[in-house]
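A short worksheet on the structure shown next.
The values are calculated or read from the model by the stated rules, or taken from the named source; none is laboratory data. All of these numbers come straight from a predicted model, not from anything done at the bench. Ideal geometry is used to build each Cβ from the backbone, glycine not excepted, and the neighbour counts take in all protein chains shown.
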Amino acid sequence: MRTLIDRYALPKLLVLLFSALLAFQPAAYSQDNAGPAFTQQELDQMLAPIALYPDPLLSQILMASTYPLEVVEAARWSRAHSGLRGDRAVRAAADQDWDPSVKSLVAFPQILAMMDQRLEWTERLGDAFLAQEPAVMDSVQVLRQRAYTTPGI
């Protein structure tokens, strides 16, 4: 049985590894060659649906959004295996040839379904995360702060 530490250590390790990979990203994904940057308003609008998710889940969504075709495949797989939830779904998807972030999302079929149904949003989210990671993370923090300080939310 996995301990609570194991359950949260893996997503944090994946975020750390992904951050290291971004530090050594090829020139095609550099800030200079990424094309037009998203505005703050575009980032806020893009991130609003997911900003309040817990950090480990948010990290997996952001990383998975950089693999939109795998997200589509995982969503189809999830629909075909609708009886599997949580860790059982993740274990069953272990043999799939997807990025670990995508595999982890099979535990959350409703999130995969949203990412699949809103594929253009998923692709834009992945583009923003690859090209403007610090701005994406700052936007999440601003949105969270607004949510926590706005009455009625």
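For the range 84-102, the condition holds for at least one residue, the condition being that it is at pLDDT 95 or above, within 25 Å of ALA147 (Cβ to Cβ) and surrounded by 12 or more Cβ atoms within 10 Å (Cβ to Cβ). Restricting the first member to the range 37-61 and to residues that are part of a loop (DSSP other than H, G, I, E, B), and the second to residues that are basic (Lys, Arg) and at pLDDT 95 or above, the beta-carbon pairs closer than 6 Å and six or more apart or on different chains are ALA51/ARG144.
Among the conditions (1) under 23 Å from MET137 (Cα atoms); (2) surrounded by 14 or more Cβ atoms within 10 Å (Cβ to Cβ), the only one that VAL72 does not satisfy is (1). Restricting attention to the range 36-45, does a residue exist that is under 30 Å from SER139 (Cα atoms) and buried (at least 17 other Cβ atoms within 10 Å of the Cβ)? So far as the range 36-45 goes, yes, one or more of its residues are under 30 Å from SER139 (Cα atoms) and buried (at least 17 other Cβ atoms within 10 Å of the Cβ).
Where helices (runs of 4 or more DSSP H) fall wholly inside the range 75-153, the ranges with 2 or more residues that are over 12 Å from the mean Cα position of the chain (by Cα) are 86-92, 109-117, 119-131, 133-149.
Scanning the range 125-153 for residues that are more than 12 Å from ALA64 (Cα to Cα) and in contact (Cβ under 8 Å) with a residue 24 or more places away in the chain turns up ALA128, ALA131, GLN132, GLU133, ALA135, VAL136, SER139, VAL140, VAL142, LEU143, ARG144, ALA147.
Take the conditions modelled with pLDDT of 95 or more and surrounded by 13 or more Cβ atoms within 10 Å (Cβ to Cβ) and apply them to LEU112. Does it pass?
Values: modelled with pLDDT of 95 or more: yes; surrounded by 13 or more Cβ atoms within 10 Å (Cβ to Cβ): yes.
Taking the combined requirement at face value, the residue satisfies it.
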